[in-house]
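Written out below as structure tokens is the structure these notes cover.
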Amino acid sequence: MYSGCYHARFPLGCARAGLFPLEALSVKIVLIDFHTHTTASDGALNPSELVDRALSRGVELLAITDHDTVAGYRAAEGYYTHNSSALRLLPGVEFSCRWSGTTIHVVGLAMDVDAPSMRHGLALLGEARQERGAKISRRLGKLGFPGALEGAQLVAGDSQLGRPHFATWMVQQGHVADHNQAFDRYLGQGKVGDVKAFWPELAQVTGWIVDAGGVAVLAHPLKYRYTRMKLRRLAIDFAAAGGAAIEVLSARQTPDQIAQLVRLAREFELEASVGSDFHRDGSYNAQVGVELPPLDGLRGVWERFAAVSPTSQE
């Protein structure tokens, strides 16, 4: 991770539009996080707990980006409005989609969550997750694990159904020792529970975000383990679909990995985004809040909300 002191001055137009209060035009940004999760999807903290964690960490700009739902953002918005004057919360979501036969994640930032395109997309993804869950359950049933869908739904409660809920159910039933074993044997990439067929295409998801006035961000590009050539193809298609930014820093990355993604962003004229991809506390998990890495003049997506310029380190 990188340390440094950054100052931000919010544009007057943003204040006039009501995005930020006029009296808060000048604010020092310590940490930014445009990729986090709550119990609305597969995170461990509920929305208010995540806001409190961000406040305690000194995060100034935060987006809650639960998988295929804005329920976490909606809950956090009400809590943050009444409990925080230091934190600025942006609408966010992390959409699942398909590209070249694999699952890709696209983060939406600062979109109108009530726009028709967002309502349509979120409804479609909610249905897709239920269909996907049913298929995962059928596959697990054939392996001798009956009742997986009902069990995972009980674990999920009001949260968006996902593979981690199946993993928790399998642990509860004694089928596996822990979450890691559930994914390594049954739910991870290439395993029987890795169901992708129900996701919409990359261009469709990106279009929903853009049509809702938001910023489409390619999430954790290195997580897909593509060759450099395939990663360039992904960036080309993403930009052509209206994508505006990529995460140059997600969770824990090396300086060389960051530099690689900065070069990719510059080549295809994409902005930089940063996020912890926080789900829960853990020895190897990134904490909420990301310090800006060196960007060598690359535009940061946060500059749409705050004009950031580095100063001397304090």
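Set Lys and Arg Cβ to +1 and Asp and Glu Cβ to -1, take the dipole of the chain about its Cα centre, and tell me which of Asn46, Ala272, Thr168 lies farthest positive.
Thr168
Sorted by packing (mean other beta-carbon atoms within 10 Å per residue), highest first, where do 291-298, 166-173, 147-154, 87-94 land? Write out the running numbers ahead of the final one.
On the way: 291-298: 15.5, 166-173: 20.4, 147-154: 17.9, 87-94: 23.5.
Ranked from most to least packed, the peptides come out as 87-94, 166-173, 147-154, 291-298.
Hey, fewest Cβ within 10 Å first, where do Glu131, Glu77 land in order? Show your work: numbers first, answer last.
Details: Glu131 13, Glu77 18.
Result, fewest neighbours first: Glu131, Glu77.
Nearest 10 degrees, 0 to 90: what angle lies between the long axis of helix 255-267 and the longest principal axis of the chain (Cα atoms)?
Helix 255-267 and the main axis of the chain meet at about 80 degrees.
Using only the alpha-carbon atoms, how far is helix 116-142 inclined from the longest principal axis of the chain? Give it as 0 to 90 degrees, nearest 10.
Between the helix axis and the principal axis of the chain, the angle is about 30 degrees.
If one takes the longest principal axis of the Cα atoms in the chain, at what angle in degrees, from 0 to 90 and to the nearest 10, does the Cα axis of helix 163-172 lie?
Between helix and principal axis, roughly 50 degrees.
Please list 48-57, 112-121 highest first by mean number of surrounding beta-carbon atoms within 10 Å per residue.
The densest-packed peptide leads the list: 48-57, 112-121.
Residue by residue through the stretch 63-80, which ³J(HN,Hα) values in whole Hz follow from phi under the Karplus form 6.51 cos²θ - 1.76 cosθ + 1.60 (θ = phi - 60°), with glycine and proline marked x?
Whole-Hz 3J(HN,Hα) from phi for the stretch 63-80: 10, 8, 10, 5, 5, 6, 7, 10, 4, x, 4, 4, 5, 5, 4, x, 5, 5.
Bear in mind that the values in this text are calculations on the coordinates, not laboratory data. Just so it is clear, the model here is predicted, and its values are computed rather than measured. Cβ coordinates were reconstructed from backbone atoms using ideal geometry, including for glycine residues, and neighbour counts include every protein chain displayed.
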